[in-house]
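Read the structure below first, then the notes.
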Number of protein chains: 2
Amino acid sequence: MKIVVVGSGNVATHFARAFYASGNDIAQVYSRNITHAQVLASQLDAQAIDSFADLADDAHLYLLAIPDDALYEVVTQISPKQGIVVHTSGSVPMDVLKPLSAKIGVVYSPQTFVKSLEMNYSELPFCLEASDGEVLERLKNLVLPVSEKIYEINSDQRRKLHLAAVFVNNFGNALNAMAQDITMLNDIPFEILHPIIAVTAEKASHGDLWLLQTGPAVRGDEKTISNHKKLLANDSDLLELYSLITSIIQKKCQ
Amino acid sequence: MKIVVVGSGNVATHFARAFYASGNDIAQVYSRNITHAQVLASQLDAQAIDSFADLADDAHLYLLAIPDDALYEVVTQISPKQGIVVHTSGSVPMDVLKPLSAKIGVVYSPQTFVKSLEMNYSELPFCLEASDGEVLERLKNLVLPVSEKIYEINSDQRRKLHLAAVFVNNFGNALNAMAQDITMLNDIPFEILHPIIAVTAEKASHGDLWLLQTGPAVRGDEKTISNHKKLLANDSDLLELYSLITSIIQKKCQ
């Protein structure tokens, strides 16, 4: 496929590399900042551009890998295309792309991408949505050489999947950070908890997670809960969080 | 070392197996339920007992691996010993063991133990506390052939470490379970999120976790936050949790 990539951030970089490595022609990389476009384009034998007027008209696929706010804006700035136009956002409905093409879709991967870190793309889940069956087939054929983890997810499901990803990733990291604060304040090496964090993640693939819940909340160990609340008495946010999650666990595991 | 194990649950089973495999003599396994004692004792060439009157008097180490409530009770039921007496609890101070021996200590590992699952003990962190330097040396010598991850952690630190472990493990699992609920309610395979859960855990060893925080909260992406809250409007607990963690992230990452 002849592909034009709009964006030069973390998602644009990894998607472009993955599709280039699997044999596609990355014709152009667009960024508002031409230097950013050049950095990515040079890795992919592509042309760097910083004006939508220079977008090729004959690409098979236009991949808009840009932040949500920018996406809504860019849709009003690009002229309609014959090729397929897709975005990569978890939260934005596919239909915002309608002004750009009759053939639209979404290629969303719920993962954290960091430009500077290499990734094993074969482990990446790809959530696809398409305006029709033919577009869906073309997107599947694009993704399959990269990863076999392909899911058909519509716009409504995708925003809920994105919400769930915020719980496990953003909120999960925040919980780990709070635990790190607790250990550091008490001269305890945080690395002591690395193994239990790894096991907690492994457990996530073992079925109904409420059935695997352990700890004072699910045991109804009120003495430990009360002692933990005393330890958090000086931090009203953490105390409130402890009480709230404990109460949710107790309701869910009743 | 000649060791007597009091308890036959998850921690007792794994600690006894680990110390047996590293060449110690497990002389006895005590449980209130003689069948439970026998199941474990039979794996360790040990004697199963169900009465404290039958406890050997000449063991080098008495390992009390029982729930916190039981621990406070058992301390009043066992006669004083010449050997070292240790418990394995995260929350109970070492000094509750004082009535039992002049040589006391704690061997605590912040990990989830399941009897039926084999474990790689060399990855286990062991947090040690001892009444004096000689006891500490003996406990280090006991643990070192099992794992080199040995930490000296006093009773006050240990209860805070236990609290931190509740955040990463019990609360971490609960967050994953909530995400699982969100996916299941929307016919989304939860396995799509397994890779990002794994990456979230890997990130925990990469330094200051607040600096690695990603997502709408730290980006100040109020549009996405507002959309997520709308999606949670029917679940007041999850809505409250979303708002609270978002607010904590924003304060911490300011």
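Proximity of backbone amide H atoms, modeled 1.01 Å from N, is registered between residue A:204 and no other residue at under 5 Å, excluding neighbours fewer than 5 places apart on the same chain.
Charge tally around residue A:36: other residues with Cβ under 14 Å, Lys/Arg +1 each, Asp/Glu -1 each, net +1.
Relative contact order of region A:203-252: 38 percent, from C-alpha pairs under 8 Å at least 6 residues apart in sequence. Near residue B:177: Cβ cut-off under 13 Å, other residues only, Lys/Arg at +1 and Asp/Glu at -1. The net charge is 0. Remark: label point of residue A:35 defined 7 Å out from Cα along the Cα-Cβ vector; separations to the same position in other copies 7.4 nm, ascending. Here the Karplus relation 6.51 cos²θ - 1.76 cosθ + 1.60, evaluated at θ = phi - 60°, turns the backbone of region A:29-37 into coupling constants of 10, 9, 8, 4, 9, 4, 5, 4, 4 Hz, with x for every Gly and Pro. Using a cutoff of 8 angstrom between alpha carbon atoms and counting only pairs six or more residues apart, the relative contact order for region A:2-153 works out to 19 percent.
Taking other C-beta atoms within 10 Å as the exposure proxy, A:17, A:159 rank A:17, A:159 from fewest upward. Which FRET efficiency, nearest 0.05, do residue B:10 and residue A:56 yield, Cβ-Cβ r, R0 60 Å? That pair, residue B:10 with residue A:56, gives E of 0.45.
Ranked from shortest, the separations from the 7 Å Cα-to-Cβ label point of residue B:99 to its equivalents in the other copies are 7.8 nm. Within the straight-line cut-off of under 12 Å between alpha carbons, the aspartates and glutamates reachable from residue B:252 are A:181, A:237, B:208, sequence neighbours fewer than 8 places apart in one chain being disregarded. Adding -39500 (n - 2.57) for every DSSP H run of four residues or longer, then dividing by how many residues chain B holds, sets the calculated 222 nm ellipticity at -12000 deg cm²/dmol. Ordering B:180, B:147, B:41 by Cα displacement along the dipole of chain B toward the positive end leaves B:180 in first place; charges were set at the Cβ atoms of Lys, Arg (+1) and Asp, Glu (-1).
Straight-line cross-link reach from residue A:103 at under 20 Å between alpha-carbon atoms covers these lysines, not counting any fewer than eight positions away in the same chain: A:2, A:81, A:140. Among chain B residues, the one whose Cβ is nearest the axis of the rotation from B to A, given with its distance rounded to whole Å, is B:201, 2. Between region A:145-185 and region B:198-212, the alpha-carbon centres lie 13 Å apart. Using a 7 Å projection from Cα along Cα-to-Cβ, the label point at residue B:115 is separated from the same position in the remaining copies by 5.5 nm, smallest value first.
With Cα atoms as the point set, the protein assembly as shown shows a radius of gyration and Dmax of 27.4, 90 Å.
Region A:113-130 and region A:1-77 have Cα centres spaced 16 Å apart. When the Cα atoms of region B:158-252 are aligned to their principal axes, the ranges along those axes come out at 39, 29, 24 Å in descending order.
The HN-Hα couplings worked out from phi for region A:233-240 by the Karplus form 6.51 cos²θ - 1.76 cosθ + 1.60 (θ = phi - 60°) are 4, 8, 10, 5, 5, 5, 5, 5 Hz, whole numbers, x standing for Gly and Pro.
Using C-alpha pairs below 8 Å separated by at least 6 residues, the relative contact order for chain B is 12 percent.
Residue separation of residue B:205 and residue B:237 scaled by 0.36 nm, minus their Cα-Cα distance, works out to 8.5 nm of gained length.
Residues in region A:160-169 carry Karplus couplings, in order, of 6, 4, 5, 4, 4, 5, 4, 4, 6, 8 Hz; the curve used is 6.51 cos²θ - 1.76 cosθ + 1.60 with θ = phi - 60°, and Gly or Pro positions show x.
A Cβ-based charge dipole, computed about the Cα centre of the protein assembly as shown with Lys and Arg at +1 and Asp and Glu at -1, lands at about 380 debye.
Under 1.5 on a/c is rounded, so check that first for region A:1-156, then, if it is not, pick prolate when a/b is larger than b/c and oblate when it is not; a ≥ b ≥ c are the square roots of the alpha carbon gyration tensor eigenvalues. Cα axes put region A:1-156 in the rounded bin.
For chain B, modelled as a GNM whose springs connect Cα atoms under 10 angstrom apart, the maximal fluctuation among B:116, B:91, B:147 occurs at B:116.
Does region A:1-69 come out rounded, prolate or oblate, given a ≥ b ≥ c as the square roots of the eigenvalues of its C-alpha gyration tensor, rounded meaning a/c under 1.5 and, failing that, prolate meaning a/b above b/c? Because its axes are fairly even, with a/c under 1.5, region A:1-69 counts as rounded.
Since every read-out is calculated from the coordinates, none of them should be taken as a lab result. Every value quoted in this text rests on a predicted model; they were computed, and no experiment measured them. All Cβ positions, even for glycine, are placed from backbone atoms using ideal geometry, and neighbour counts span all protein chains on display.
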